[in-house]
Amino acid sequence: MKKRTGRRSKSGSEDCCALCGLRDDDPAMFGEKVTLKEHKLSVHYFCLLTSCGVYQRGEETEGVFGFLIEDIKQEIRRSSRLTCCCCKKKGACVGCVVRSCRKKFHFSCGRKHQFISQFMGLFPSFCPDHSPSQSLCVDPDLSLPQSCSICLDSIEPVLGFSVLKCPSCHTSWFHRDCVQRQAHSAGLFFFRCTLCNNKEDFQEEMLRMGVFIPERDASWELEAGAFSELLEVYRRCDALTCLCVDGRSHSAESGWFQVIRCRLCGSRGTHRKCSGLRLGTRHWSCSDCTPTSDGIASLVSSPQRRSLPSKRRSSPIHSSISCKRPSLPVGCGSPEDLLQVLAPQLSPVTVQVEVDGDQVLSAGVELVRRADFDPTHTLSISFKDGEQTAFPSSLRENNTARHYFLKVLMQQIQDCGVFEGPEGSKNLALDSQALRDDLYFDVGCLLALALAHGGPPVGFFSPALYQCLFNHPPNLPLTLSHMTPDTHFTRQVSRMAEAESLDELREVMAESWEYLELAGCNRPISRLEEREALVEDLVNFTMISRMQVPLQRFREGLQTLGVFDQVQLFPSVFLGVFCEATVQLTAQTLGQLFTVTFSTQEEKLNMETPVSSFWSRFLLECEVGRTSISLQDLLHFATGSEELPAAGLLPPPSISFLHPVSASSPPTETKETPTQRRRKQQQKKKKKTLRVEKEAWRDGGFFPQSKPSSRLLLLPVVSSYQTFKSAMEQAVSHHVHLLPTES
């Protein structure tokens, strides 16, 4: 009985590939099979690509995809003298790229015997002894997948030729044949990991492991008319009684008998006349959608605000409105833009927060533990001293008080017991009291609240803490340098890492046996080379394993208002917000922050133009220290913020101008009666009083004024820079002297 597939035989030799001898026509596994009847020749595309003695010397339209016919015949003659190491038959056209290896094989035989051919560069091939492989780089605590993420059939969780994995998420494992067929179907533009959606790293790894990725669009995009039904428009009248003489399917270009589709579902229609609509009606909702839209033909309104779940439940706090993420602005690339996406969640409803003295963190913790706590409510801060009197006087303005509250809150969070390490590079500390009080959740919630409500950047996370929270940089192993300096555990691990002999290592391990027992690393060491693996295990235990509960509760707190999800989507963008110190203010930064609004009158515009140049010059002198005030003082005077918030300033700051009051013209002299003279004397007294008030107002007009709530700075219109500088220094210095001193 004949086999369905087999090596080339005398009968039907034209159907067999001239290089591998198989009749199989499977484009995903062997590439496209091309038959040239005039040359009585058939060949697989992959056999041509991997053959050692043939190259594409022609254009894509010449021969077989650029392989010239004469070159193909020459390769057939060359390989006819070579024996396949797998099937022991002639025609082996593929060889191992390692020069010292003499193995030759057919491409089809190589697939069966775990030979790998790479479809990139010079298209090298490798025998099983020299072929590339994948390593298992996952947490030993995680269970290995038991099914293929493409076909969902069971797999043996052992990496090898037949089982591959994604290099990014490490949880997507699949059969080689499955991923090859997926690549053939998806093409270069749509081929990616089915779980983590990674494209670049995934494609690079699959090419390395011998998966062919065709440089074309996806197969479903190439089908003729594949999406033609999406271009069809519903044009049928569904009214109970259709009044159109041409029938329900008739739709005029305009007028009474034009079919209007339901704006909500689009799957129902009516003639204007048939539903009693006006001639100009363009929006209509069908009977099925009317209850949803309350009879109004408009899009469904956004979900109603629902109450926040209790903080002590097991589920984490997210935004108290819909869990659907707001759409990101086009071209967003800064943390300010990404945090401002969360701003529409904030409500004008205020929540009162009273701060007793400098106990800002205590007031914040009390706020988030309230049963009716809603993170979308605007914070209204009032400071009280021990006798419940206003404290300090300069913080009575709510906007200034809120910014001061958020700044001090960030400082006190950095110094609280849930963190450890040097200033500006903190790790989470394991504190049993903080675990009992659930302080890790509270602190995470307060950090998210501060970022979303206009607080300063965090700036004190260590790179290790940021990596543990957001996996950035991805899959980078933690080292001894990531551990908190000058702690008991760090000193023990450092001594083991610095051991120069096996005896010294064993001595340190004997002294630290309790720590090793707790970490599950109290194992016998027979070679000094095992030290690195021991240190790595201890670092992972100290930084990750023993900190699982604090890290999880901290993440759940950061999920307030969707901050954690936003950072996890763009971890590289937010790295500076969490791990880098506040950027020093510069004249250029502060100048670009304000939008200057000039007058429309030409006379005033001519007076305002020099003042804008005075402003730029004044900023430069503040930066280099030639004035009595700093750029930070100027920012606080104009906006109420002592530093730029992580979410930016809203509304955007602007500059307008204060013009001096012009003197009134003298009255004309007329003959006066005695009664008029008496009235005139009375009016002179009133005018004298008004003149004094006007002079005071005019003097006040030469000093800058600010409205922090609206971010408006009013600059005085003066004729010289020295007058402008003196006015700015006096006004801002007076404001700075009223500021509270930091404890």
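The values are calculated or read from the model by the stated rules, or taken from the named source; none is laboratory data. Just so it is clear, the structure is predicted and the values come from calculations on it, not from any experiment. A quick note on method: Cβ atoms are made from the backbone with ideal geometry, for glycine too, and the neighbour counts reach across all protein chains shown.
Structure above, values below:
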| item | result |
| --- | --- |
| Output for segment 24-65, where each listed residue is under 18 Å from SER117 (Cβ atoms) and either in a helix (DSSP H, G or I) or free of Cβ contacts under 8 Å to residues at least 12 places away in the same chain (or both) | ASP26, PRO27, ALA28, MET29, PHE30, TYR45, PHE46, CYS47, LEU48, LEU49, THR50, GLN56 |
| Single residue of segment 209-234 satisfying the filter (surrounded by 15 or more Cβ atoms within 10 Å (Cβ to Cβ) and out of contact with any helix residue (DSSP H, G or I) (no Cβ under 6 Å at 6 or more places or on another chain)) that is nearest to SER117 (Cα to Cα) | GLY210 |
| Selection within segment 579-624 - of a type in the set (Ser, Thr, Tyr) and either closer than 19 Å to GLN722 by Cβ or in a helix (DSSP H, G or I) (or both) | THR589, THR609, SER612, SER613, SER616 |
| Segment 485-505, subset assigned to a helix (DSSP H, G or I) and of a type in the set (S, T, N, Q), residue nearest to ALA429 (Cα to Cα) | THR490 |
| Some residue of segment 198-208 being in a loop (DSSP other than H, G, I, E, B) and either more than 23 Å from LEU122 (Cβ to Cβ) or more than 31 Å from the chain's Cα centre (by Cα) (or both) | yes |
| Residue within segment 457-479 that is among the small types (Gly, Ala, Ser), in contact (Cβ under 8 Å) with a residue 40 or more places away in the chain, surrounded by fewer than 22 Cβ atoms within 10 Å (Cβ to Cβ) and not assigned by TED's automatic domain parsing to the domain that holds SER641 present | yes |
| Flag for VAL353 being within 20 Å of SER709 (Cβ to Cβ), among the β-branched types (Val, Ile, Thr) and modelled with pLDDT of 85 or more | yes |
| Residues (part of a helix (DSSP H, G or I) and surrounded by 11 or more Cβ atoms within 10 Å (Cβ to Cβ)) located in segment 514-531 | TYR515, LEU516, LEU518, ALA519, LEU528, GLU530, ARG531 |
| Qualifying residues in segment 161-181 (those that are in a loop (DSSP other than H, G, I, E, B) and of a type in the set (S, T, N, Q)) - the one farthest from the chain's Cα centre (by Cα) | SER162 |
| So VAL443, is it more than 18 Å from the chain's Cα centre (by Cα) and not assigned by TED's automatic domain parsing to the domain that holds VAL418 | no |
| Extreme residue, nearest to ARG23 (Cα to Cα), among residues of segment 99-113 that are in contact with a helix residue (DSSP H, G or I) (Cβ under 9 Å, 6 or more places away or on another chain) and crowded, with 24+ Cβ neighbours inside 10 Å | SER108 |
| Residue match in segment 139-157 (condition: in contact with a Lys or Arg (Cβ under 7 Å, 6 or more places away or on another chain) and on the phi < 0 side of the Ramachandran plot) | no |
| So SER254, is it surrounded by fewer than 19 Cβ atoms within 10 Å (Cβ to Cβ) and closer than 19 Å to GLU229 by Cα | no |
